[in-house]
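To keep things clear, I will list the structure first and then write my remarks on it.
The values are calculated or read from the model by the stated rules, or taken from the named source; none is laboratory data. Please read these numbers as outputs of a predicted model, since none were measured by experiment. We place every Cβ from the backbone using ideal geometry, glycine too, and count neighbours over all the protein chains shown.
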Amino acid sequence: MSSFSFSGSEREFNNIRLQNYFLYSFVLISGVFIVIPNIDLFVSRFFFKAGSFYISHNPFWIELRNFHRLSQWYLLGAMVVLVGLYALWHRPLSIIAPHKIIYMVLVYAIGPGVLVNSLKLLFGRARPRDLVEFGGWADFTPAWQFASICQRNCSFPSGESSVAAAMLPLLMLVPARFRLTAGIILIPLLALVSLNRVFMGAHFLSDVVISWVLVIGVMIWFWPMISRRANVIDGWVRLCGKNLRTRLAVR
């Protein structure tokens, strides 16, 4: 019993330490963009040539964005199917962990769905392509500054980048021996998909970076709550499936 308590206490300590590291990183990263706001303009200018953000017309980058926008719905659908298989199969499928899938869905719903979209409305930051500096009508405002320039579909933080960050937990579904290789492939791809929004003049660098930080914060906050209840969640999914199988058999 004592060893279990120790391991539980050690796990709680590590979770708290990780949360503290996240808070320090969040303050540091946000502080850089607040203190040196011209970073955003400098990066955006690099992709603005001959009166437009030229990459926004490039078929490759357009298709990459379209692929990413569609893939999120395919992934969510696949997660529902996997949980359904785990619940309804006649015996537990060891390769499927419902608590991890539920965790991923919660991260997606609360990170990009609630947090990022709420901040977009709250701060109302104009997109780079709408700025006077780039032939538009709006004034530049730094990250975390209340602007109310934009009324809907605003720049800060980046919604599509936050969705990309919310795909990071996919690595949890990969067997441990392949996880590093999968991460080497997945993480740069998700980063490229996110930075594509900067290339196209749709977002500032700070929009993308801070959206990733926010979603990673949601991941760090939620995982301890889910992992502590992993067996309960998996058992509940199996029980729901068993009850459904019983009802279908009776009919």
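Miscellaneous remarks
- Looking only at region 228-239, and only at residues there that are surrounded by 15 or more Cβ atoms within 10 Å (Cβ to Cβ) and touching a residue at least 60 places away in the same chain (Cβ under 8 Å), the one that is farthest from F123 (Cα to Cα): R238
- Total residues in region 99-138 satisfying the condition of being in contact (Cβ under 8 Å) with a residue 40 or more places away in the chain and over 17 Å from P157 (Cα atoms): the figure is 10.
- Some residue of region 206-214 being more than 28 Å from F47 (Cβ to Cβ) and β-branched (V, I, T): no
- Annotation: of all residues in region 115-139 being in contact with a helix residue (DSSP H, G or I) (Cβ under 9 Å, 6 or more places away or on another chain) and surrounded by fewer than 19 Cβ atoms within 10 Å (Cβ to Cβ), the one that is nearest to S30 (Cα to Cα) is L115.
- Matching option when the condition is over 17 Å from S30 (Cβ atoms), assigned to a helix (DSSP H, G or I) and free of Cβ contacts under 8 Å to residues at least 12 places away in the same chain, among P224, P188, P169: P188
- Single unsatisfied condition, I149 versus (1) in a helix (DSSP H, G or I); (2) at pLDDT below 95; (3) within 30 Å of L64 (Cα to Cα); (4) not charged (D, E, K, R): (1)
- Filtered residues of region 140-158 (kept if under 19 Å from the mean Cα position of the chain (by Cα) and either among the basic types (K, R) or surrounded by 21 or more Cβ atoms within 10 Å (Cβ to Cβ) (or both)): A143, C154, S155, F156, P157, S158
- Only listed residue being within 29 Å of P142 (Cα to Cα) and either among the charged types (D, E, K, R) or without any contact (Cβ under 8 Å) to a residue 40 or more places away in the chain (or both), chosen from F26, F42, F60: F42
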